[in-house]
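> The structure's right below; bear with me while I get my questions together.
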């Protein structure tokens, strides 16, 4: 009996199970974190005294990090396997493991690990019972990996919803100012509207193709274009032709040529707008500027980082996959829409960030602008652009994590820091912190020897190569504004402040030091010696 | 059998009603209803297309949309409830325009 069960299990793990294994491990560790949290709440802390190893504060993140390590190891093994025997597919062709999945999953795992490390000493999070917080991070990471892995509309929809619901709960984690739920409500509404739009678009796609697998949908959409032409022709050339068409192609009776042409564009617009609403969701909260002027979002900084970093990357990755498979054949139609959305996003993000005086909000608004640059790579859609987009996302994650790491370190126990004025005098208080912040900010601004410069330069070059000259110049000119907006932060950090010279220097814990070390390494190395990083970026599209 | 166009007209009408509701109304509960209306339009679409093609995936999708709608409603209502209780008791003055939104 046991043997039988074991053999069934073994067959499963060699077939469908292997496709889902990294996600399953994350799921199990998330459940484990929750269970251990409940157990720790029952057994009092007295038993272990003040031994720091037994403190919940440390072993909750440790378990979560262990889960990520296991998942990353499995991912590495899967990478070797697809190198040998090609892409894996499972669960009736609803999930695939290809190089695109491996690249983005690795990126999401790293993003989650960095967010966990930054959460350990974060003032807002150490108050709540943390087991569920770390479990939610793992659940969110798991669903985002599913988003990247899914190739079926049904599974994509489920994964998007699962990721969103984890994100809603994360956004409702009480922050420093104890005002979190109202921020969570704002986030929830824009994100829920995004998923509703995506769901509606999926229903249209299903209706146009009669299939839910995205490659079948793509094939059907390509055929539809011809069917629309035939229907138009048959309407023009009389009833005999129409009879012939109806006998050969019975479903033609349900469609009009106009709907066949218009519905795919509607579906495309809805998917793009929906996904953009999702990754641009956190800052679409204008009311927060009015509430107390200068205060923070009310969401803990690591969560904002996670929403503006990992969540945005997953949404962009899903958008790219659907653009390059479902809508692959009509690129000449939809690039106008994407270009308009991207240019709108860049302009909105930059102009809104110029008015802000809160560091978090500047970074989050500019993250919309950065995602806009990534989307402009879709407009070019050649080989160089694919590398540029993945390189941009890869380096952007580390740069933005670095800035948030500094912010969390500067904050320490001080609850209301985060305004630009709090940064002034940072050079005197802690030269290392100021230097690191300036490196990250220069890199985000796109100063030449750093990673940020090459990301934007690759996009610019691929746009020129494909003949989108005006958009390329828009990239160049708007980059100046973006640079100005970021450099404002650097100036504040460098500027002396005589009144506060005696205040204590910022101290890094070990987790923050690891995060900042990794981030500063990537921001500089990807610029100075970009070859390994561009090779990684090329790997994502299987080149 | 009704032609497909009828179903599509209904679902598009619902979709735009929902979209206008989300974009123009200030009351959080009504905004939530509007999002649910969009999801219901999605369900109608899926059922209509499943009937057109005579296959299962559309029906499965419709049922899943309903399930997701329920979960999202639950999470959203919980968040709204937590927020409103906070506005009423703890810091009503910080959120003048937000608390005004909740009056019908």
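Where a number appears in this text, it was derived from the coordinates with a stated rule and is not lab data. The structure displayed is predicted, hence computed values, not measured ones. No Cβ is skipped: glycine too gets one built from the backbone with ideal geometry, and neighbour counts run over all protein chains shown.
> Quote to one decimal, in nm, the extra length available between residue A:247 and residue A:329 on full extension: 0.36 nm per residue of separation minus the C-alpha distance between them. Please list the in-between numbers first.
On the way: separation 82, 0.36 × 82 = 29.52 nm, distance 2.77 nm.
Additional length available on full extension: 26.7 nm.
> Stretch residue A:528-residue A:28 to full length: gain in nm at 0.36 nm per residue minus the Cα-Cα span? Write down the numbers at each step before the final one.
Working: separation 500, 0.36 × 500 = 180.00 nm, distance 3.97 nm.
Taking 0.36 nm per residue and subtracting the Cα distance, the gain is 176.0 nm.
> While we're on this one: How many nm separate the modelled label positions at residue A:432 and residue A:383, each set 7 Å beyond the Cα in the direction of the Cβ?
4.5
> Same structure again: Over 29 Å apart: what share of the alpha carbon pairs of the stretch A:327-543 falls there, rounded to a whole percent? It would help to have the intermediate numbers written out before the result.
Working: 6608 of 23436 pairs.
Above the 29 Å cut-off, the stretch A:327-543 has 28 percent of its Cα pairs.
> Let me ask another. Any chance you could run the full-extension gain for residue A:222 through residue A:337? It's 0.36 nm times the residue separation minus the Cα-Cα distance, nm to one decimal.
Working: separation 115, 0.36 × 115 = 41.40 nm, distance 1.89 nm.
Net length gain for the segment: 39.5 nm.
> Now for a separate question. Between residue A:6 and residue A:80, what FRET efficiency comes out of the Förster formula 1/(1 + (r/R0)^6) with R0 = 22 Å and r the beta carbon distance, rounded to 0.05?
Numbers: r = 25 Å, r/R0 = 1.13.
Rounded to the nearest 0.05, the efficiency is 0.30.
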